[in-house]
Amino acid sequence: MSGTDRRQFLKNAATATGAALAAAPAIAKARRSANESLRVGLLGMGGRMQAHVTALAQMSDENVEIVAICDCDQSKLDSAAERYPELQGKKLKHYSDMRKMFEDKSIDAVSNALGDRWHALSTIWGCQAGKDMYVEKPGTHNLFEGRQMVAAARKYDCMVQHGTQNRSSPNIREGIAKLKEGVIGDVYMARGIDYKLRGNLGRVNHSPVPEGLNWDQWLGPKPLREYSQFWHRRWYWNLELASGCFANQAVHEMDILRWGLGLDSHPTQVTAMGGNFVHEDDRTSPTHVAMNYRFGDASPLVTYEHRSWYTNSEAGFRDQFPFVQPNYPVGTIFFGSEGYMIFPDYSSYHTFMGPNGEPGPSKTDETQTMADLPHFQNWVAAIRARDHKLLNADIEGGHKSMAMCLLARTAFQVGRHLQFDPAAEAVVGDDEANELLNKPSYREPYVVPQQV
């Protein structure tokens with residue numbers, strides 16, 4: 001395809017799709033009563049949706065019903081019952097355009113497992129249509145989106161749960177409570193780690209769009225590009241589409257760090273240094289990065305490190321306390337004046353006291369569950385009560401945890417230390433960093449609105 005033909009192809013695709021899509025739907029209906037069936041639609045039928053389906057299917061005796069599925073890839077709609085056995089036998093409505101599902105007045109809530117680039121806009125559209133929303137992590141791709149998601153949730157009185165499901169794990173909650181009670185004394189430092197084996201991701205090679213995939217809708221707010229399997233399958237590690245190692249696993253650990261330290265504001269200082277040290281591929285997210293945060297002069301030091309190749313363990317992670325995915329040391333460590341506490345998975349905590357690290361209070365779930373079911377149960381309970389304060393991971397908290405991830409990504413991109421003003425939500429004296437942090441420019445008609 002010549003350069004002229006390619007430009008014409010991109011122009012024609014954008015024009016055709018833009019003309020076909022309707023404006024965001026208005027609020028559709030009055031709320032159902034707490035005693036009625038809660039009818040849920042599923043948005044984004046990829047791998048992570050399996051956890052959503054499994055959890056929601058287990059809640060059928062709680063009057064929760066899956067009634068619709070939506071994806072811009074027809075093959076995923078056609079194979080849904082095969083890939084998610086819990087859907088077999090259900091009479092489901094199929095949608096290829098999410099706004100058509102949002103317009104469906106019979107649907108009360110939407111469980112959203114799209115990619116990062118879509119989380120904010122789809123959630124805002126859902127709120128505007130009166131749908132309660134469960135949105136996967138990482139909730140946002142820039143700081144502007146987080147503010148808009150919170151505004152939409154409040155304006156339309158929608159229960160928006162962020163997919164940081166550690167907040168609903170009974171054992172994690174117990175550990176955080178003990179931490180705040182002072183079980184390890186005064187906390188002077190907290191650290192998150194993410195050491196996952198991640199191989200060579202390959203190169204960008206253009207090819208025809210697979211049959212049945214609406215590539216324009218898949219890209220959504222991001223620039224229209226020629227199709228490549230690299231962009232389609234490796235999007236997590238391309239900073240144009242996602243935040244890669246800065247948010248994929250990191251937002252779970254940032255959320256626990258912020259929760260355990262009682263940090264309800266943004267950091268004031270952020271640094272991030274790293275690069276691609278292992279593989280020669282086309283990812284734009286670094287293979288290794290170290291991040292540091294301060295939340296004011298009196299706050300503990302907060303650090304986070306990502307490694308994506310062979311590494312040692314740390315604080316017993318992997319070797320003594322294996323993560324739910326073998327050989328992946330991932331979790332958080334809190335350092336105190338009397339000892340230290342670790343959260344080495346989604347369902348356990350352990351403390352080690354004094355100079356010899358004597359075992360202290362701990363709780364382990366031998367099944368090492370991911371806490372998806374209690375997180376969805378909490379979402380439904382808040383929906384029934386119409387009270388966002390009951391949510392364990394309300395979108396406002398998700399916005400604050402994501403800010404840590406986005407600030408680190410920005411510090412890495414500009415290559416310098418950032419001073420941040422939490423009240424203004426702006427980097428002090430750095431226009432380039434502020435533009436990268438917010439980037440509120442979108443491709444029509446997929447625009448996150450200035451006024452929700």
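All of the numbers you see were taken from the coordinates with simple rules; none came from a lab. Treat the numbers as computed from the prediction; the structure is a model and nothing was measured. Note that we place each Cβ from the backbone using ideal geometry, even for glycine, and neighbour counts take in every protein chain shown.
Full extension from Ser313 to Ala381: what is 0.36 nm times the residue separation minus their Cα-Cα distance, to one decimal in nm?
Extra length from Ser313 to Ala381 when fully extended: 20.6 nm.
For the stretch 319-370 and the stretch 191-215, compute the distance between their C-alpha centroids and round to whole Å.
31 Å
When the Karplus curve 6.51 cos²θ - 1.76 cosθ + 1.60 is applied with θ = phi - 60°, which whole-Hz ³J(HN,Hα) does each residue of the stretch 124-139 get, with x for Gly and Pro?
My calculation for the stretch 124-139 gives 5, 4, x, 4, 4, 8, x, 8, 6, 10, 9, 10, 5, 7, x, x Hz in order.
Would you mind putting 395-404, 154-163, 131-140, 293-302 in packing order, based on average other-beta-carbon counts within 10 Å, highest first?
131-140, 395-404, 154-163, 293-302
Go through the stretch 383-390 residue by residue and turn each phi into a ³J(HN,Hα) via Karplus (6.51, -1.76, 1.60, θ = phi - 60°); whole Hz please, and just put x for glycine and proline.
4, 4, 8, 6, 9, 5, 5, 7
For Glu181, Glu103, which order do you get if you count the other beta carbons within 10 Å of each Cβ and list the fewest first?
In order of increasing Cβ crowding within 10 Å: Glu181, Glu103.
Calculate for the chain the 222 nm mean residue ellipticity that helices alone would give, adding -39,500 (n - 2.57) per DSSP H run of length 4 or more and normalising by residue count, nearest 500 deg cm²/dmol. Show your work: numbers first, answer last.
Details: 14 runs with 144 residues, N = 452.
Value at 222 nm, helices only, nearest 500: -9500 deg cm²/dmol.
For Glu280 paired with Thr54, estimate the spin-label separation in nm (one decimal), with each label point 7 Å from Cα along the Cα-to-Cβ line.
It works out to 4.0 nm between the two label points.
At a 10 Å Cβ-Cβ cut-off, how would you order His388, His141, His206, fewest neighbours first?
With the sparsest Cβ surroundings first, the list reads His206, His388, His141.
How much of the DSSP beta bridge set in the chain is antiparallel, as a percent to the nearest 5?
Antiparallel bridges: around 60 percent, rounded to the nearest 5.
Points 7 angstrom from Cα along the Cβ direction at Glu174 and Glu82: gap in nanometres?
The modelled label-to-label distance comes out at 4.3 nm.
If amide H atoms are built 1.01 Å from N in the plane of the peptide, which residues on other chains or at least 5 residues away come under 5 Å of the amide H of Val160?
Result for Val160 returns Met133, Ile395.
Test of understanding: what is the full-extension gain from Thr364 to Met273, defined as 0.36 nm times their sequence separation minus their Cα-Cα distance?
Roughly 29.3 nm would be gained on extension.
Using Cα pairs closer than 8 Å and at least 6 residues apart in sequence, work out the relative contact order for the chain, in percent.
Value for the chain: 20 percent.
What length, rounded to one decimal in nm, is gained on full extension from Asp421 through to Ala298, with 0.36 nm per residue of separation minus their alpha-carbon distance?
That pair, Asp421 and Ala298, stretches by 42.7 nm at full extension.
What is the calculated FRET efficiency for Glu103 to Glu435, with r their C-beta to C-beta distance and R₀ = 35 Å, to the nearest 0.05?
E between Glu103 and Glu435, to the nearest 0.05, is 0.50.
Suppose a student asked you for the relative contact order of the stretch 169-369, using Cα pairs under 8 Å spaced at least 6 residues apart; what percent would you report? Could you put the intermediate results ahead of the total?
On the way: 374 pairs, mean separation 60.2, N = 201.
Relative contact order of the stretch 169-369: 30 percent.
Quick one: which of 340-346, 317-323 comes out on top by average Cβ neighbours within 10 Å, and what's the full order, highest first?
In decreasing order of mean packing, 340-346, 317-323 become 340-346, 317-323.
Using the Karplus curve 6.51 cos²θ - 1.76 cosθ + 1.60 with θ = phi - 60°, work out ³J(HN,Hα) for each residue of the stretch 230-245 in order, rounded to whole Hz, and write x for Gly and Pro.
4, 5, 6, 9, 10, 4, 3, 9, 10, 5, 6, 9, 8, 10, x, 5
Write out the cysteines belonging to the chain for which the nearest other cysteine Cβ is not under 4.7 Å, or none if no such cysteine exists.
If one checks each Cβ against the other cysteines of the chain, Cys70, Cys72, Cys245, Cys405 turn up with nothing under 4.7 Å.
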